[in-house]
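Quick note: the coordinates plus some simple rules give every number you see, no bench work behind them. In this text, all values refer to a predicted model and were calculated from it rather than measured experimentally. Ideal geometry is used to build each Cβ from the backbone, glycine not excepted, and the neighbour counts take in all protein chains shown.
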Amino acid sequence: MKKTNTIYMCLLGLWLLHSCSSPRIITYAHPTADFDRYQSFRIAPHAEIEALSQKGHETYTRLDALIASQLKSRGYQYRNDADLIIEYEISTGLSQDTPHEYYDRYSWYYPSYSYSAPSQQIEAMVEIQMVDAVSKKTVWTGSADLTLKSGGDGNVERIEQHIVEIFQRFEYTAH
């Protein structure tokens, strides 16, 4: 019994560490990509931008400006005939957890005294790809997994924060 409690406490500790940890950020640079020859970039137009609401347009405009500023701070120039084409995508999905809560000390005897308190959260992924304009091959990619609030307050700021964190792992500069 003591061993079981120890195992449960360890699992609880790991779960708490995982839930408080920073989002997972992954970057990959193609091993044969020569970043010294890239001097300019442009952001690819979004495929379904016409279908977005006004707030969606504003969000993509903010994210475009943030990505451009991150690359300009590394010496890259924005040009229509650029060396690198920047593509990014934000994917979301709804995750739901329905724990059963008990509200009196005898409710574990009587299941009818329990109630469900579902909670929802939005799981999101931000992915940024840099594509060589000539060969059309991806030379660098970065992604971050994050959890957003279901109310929407502060979500754009959280996405912006994670884009900055992705670019902190982009170690190349234009010459």
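Side notes on the structure shown:
- Proximal charge balance of Tyr38 [Cβ under 9 Å; K/R count +1, D/E count -1]: -3
- The residue among Val126, Val139, Ser150 whose Cα reaches farthest toward the positive pole of the charge dipole of the stretch 118-175, with charges on the beta-carbon of Lys, Arg, Asp and Glu, is Val139.
- Counting only aspartates and glutamates at least 8 places from Lys55 when in the same chain, those with an alpha carbon closer than 18 Å to its own are Asp64, Glu89, Asp153, Glu157, Glu160.
- Amide H within-cut-off set for Val139, under 5 Å, with H built and near neighbours excluded: Met130, Val131, Asp132
- Over all other residues within a Cβ to Cβ distance under 10 Å of Ile128, the charged ones net out to -3, with Lys and Arg as +1 and Asp and Glu as -1.
- Footprinting exposure proxy for Arg74, Arg42 (fewest neighbouring C-beta atoms within 10 Å first): Arg74, Arg42
- Charge tally around Glu89: other residues with Cβ under 12 Å, Lys/Arg +1 each, Asp/Glu -1 each, net -3.
- Sorting 131-137, 119-125 by average packing, meaning the other beta carbons within 10 Å per residue, from highest down gives 119-125, 131-137.
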